Each structure stands twice: as structure tokens, then as C-alpha cells.
Amino acid sequence: MIVGLGNPGPKYAGTRHNVGFDVVDRLAARWRVDFSVEKFHAWFGSVNVFGERVVLLKPTTWMNRSGQSVLAAGRFYKLDLADMIVIADDLALPLGRLRMRRDGSSGGHNGLGDVMERIGSDAWCRLRVGIGEPLGDPATYVLRPFGDKETPVIEAAVKSAADAIECWIRQGPNEAMNQYNGDPPGLDSSDT
């Protein structure tokens, strides 16, 4: 199960906090997944890819209650937590940098924290996409769209994150971490 975190509605489309949605949308476009169904308090799609049945979720419960959707879908599919990855934005990472982990804390991210609390475990993969350090209030910053100079960087990061998810499915988390943790190909972090 691949979960992208974000906030529903056109007002939040393209904002920093919705990078998780953007990665899932990229995968859905690649795999031609229909997201017209709302199920498990989420936009829902499923597909067979790389010999695996894959469920894609974009919770519609708002960021801070994302765990409600993840718990509902996980219970329905009797999901082993090792078969789940959650994609979220990260203020602590430089713009465009990726960091995949097999477990760990929420790092102060309310969406990841809610998932962790509701399922009662941190033993699931997460892929964080760096959105850069806030300029001013973090709560306001995450709800802003990317600037003109940032857009090519985040587009490269979303593509790289989708590639990392495909690697995670085919070769597992260790290989995906080895190949994709860091800056997207062609990005020099000193440019951001």
C-alpha cells in the first residue's frame, strides 16, 4: 500500500504540504490508475504492477487525521506493515532531497504522527521529500505553493520519489534507500 499525505481540495493543490499527493499522482499516471473512487476516507486506486497488487491512497481526512484512512485500508487488506510506505513532505530536509526509512519517529510531522498513533507502530516505511526550511511560520510555509525557481527542483524530486517507490516494490526498502536517499539526479544541493 502506497499512501501519499496531503490536504484535499483545489486550495491545497501544488502546496508544499501536498508533495505526498503529488508523488502518488505521478505513480497513478504512470500506471494508469483511476482515482475516481472514494474508499477508506481516501481517494483510492489499485493496480497490478511488477507482479504485485498495489493499493494507492490519498487520504481525504486532512493531514492531521491521515491515520484514519491508513488504519481503515490496512485492516481491510490485512496488511503487513512491511508492505506499506507513506510519502510526506519534510521541513528539515533541503528542497528536493529524499529520505526513505524503514521505521522511526514522525519527526514532528502531524500526518506521520497520526498514522503512527492510530496503527500503534512505527515499523513501516516512510519516504520524506524535502520542501526546504520555512521562511517564517512553518504552518503558513507548508501551505504555500513552490516558487518559480523551486518548481523544477520539486518536479525532479517527485519523479525521483516515484522511481524510488517502484524500486521499493521491485527490490525492497534497502535497495531503494541505497539508490534514492539524497538529492534527485542532476541536482546539486548547493543550488537550492
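The values are calculated or read from the model by the stated rules, or taken from the named source; none is laboratory data. What you are looking at is a predicted structure, and each value in this text was computed from that prediction instead of being measured. Quick reminder, even Gly has a Cβ in these numbers, built from the backbone with ideal geometry, and neighbours come from all protein chains shown.
Overview of results
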| quantity | calculated |
| --- | --- |
| Check on PRO59, in contact with a His (Cβ under 7 Å, 6 or more places away or on another chain) and farther than 16 Å from PHE146 by Cβ | yes |
| Residue check for VAL3: surrounded by 18 or more Cβ atoms within 10 Å (Cβ to Cβ), assigned to a helix (DSSP H, G or I), of a type in the set (A, V, I, L, M, F, W, C) and in contact with a helix residue (DSSP H, G or I) (Cβ under 6 Å, 6 or more places away or on another chain) | no |
| Yes/no for LEU71 being closer than 26 Å to ARG144 by Cα and either aliphatic (A, V, I, L, M) or buried (at least 18 other Cβ atoms within 10 Å of the Cβ) (or both) | no |
| Filtered residues of the stretch 32-45 (kept if surrounded by fewer than 17 Cβ atoms within 10 Å (Cβ to Cβ) and touching a strand residue (DSSP E or B) at 6+ places or on another chain (Cβ under 7 Å)) | ASP34, PHE35, VAL37, GLU38 |
| Top-ranked residue in the stretch 51-74 [being hydrophobic (A, V, I, L, M, F, W, C) and part of a helix (DSSP H, G or I); ranked as nearest to GLU155 (Cα to Cα)] | MET63 |
| Selection count where residues are touching a strand residue (DSSP E or B) at 6+ places or on another chain (Cβ under 6 Å) and either part of a loop (DSSP other than H, G, I, E, B) or of a type outside the set (Phe, Trp, Tyr) (or both), scope the stretch 6-27 | 8 |
| Search result, residues across the stretch 1-27 that are closer than 19 Å to LEU79 by Cβ and among the small types (Gly, Ala, Ser) | GLY4, GLY20 |
| Single condition LEU91 does not satisfy, out of (1) touching a Pro at 6+ places or on another chain (Cβ under 8 Å); (2) among the aliphatic types (A, V, I, L, M); (3) surrounded by 23 or more Cβ atoms within 10 Å (Cβ to Cβ) | (3) |
| Matching entry among ASP114, ASP148 (being of a type in the set (Asp, Glu), surrounded by 16 or more Cβ atoms within 10 Å (Cβ to Cβ) and either closer than 18 Å to ASP22 by Cα or modelled with pLDDT of 95 or more (or both)) | ASP114 |
| Residue among PHE40, PHE21 that alone is at positive phi, among the aromatic types (Phe, Trp, Tyr) and modelled with pLDDT of 95 or more | PHE40 |
| Residue pairs meeting the criteria (Cβ under 6 Å; at least 6 apart or on separate chains; first over 12 Å from ALA72 (Cβ atoms), in the stretch 34-48; second in a strand (DSSP E or B)) | ASP34/GLY45; PHE35/TRP43; PHE35/GLY45; VAL37/PHE44; TRP43/LYS58; GLY45/LEU56; SER46/VAL55; VAL47/VAL54 |
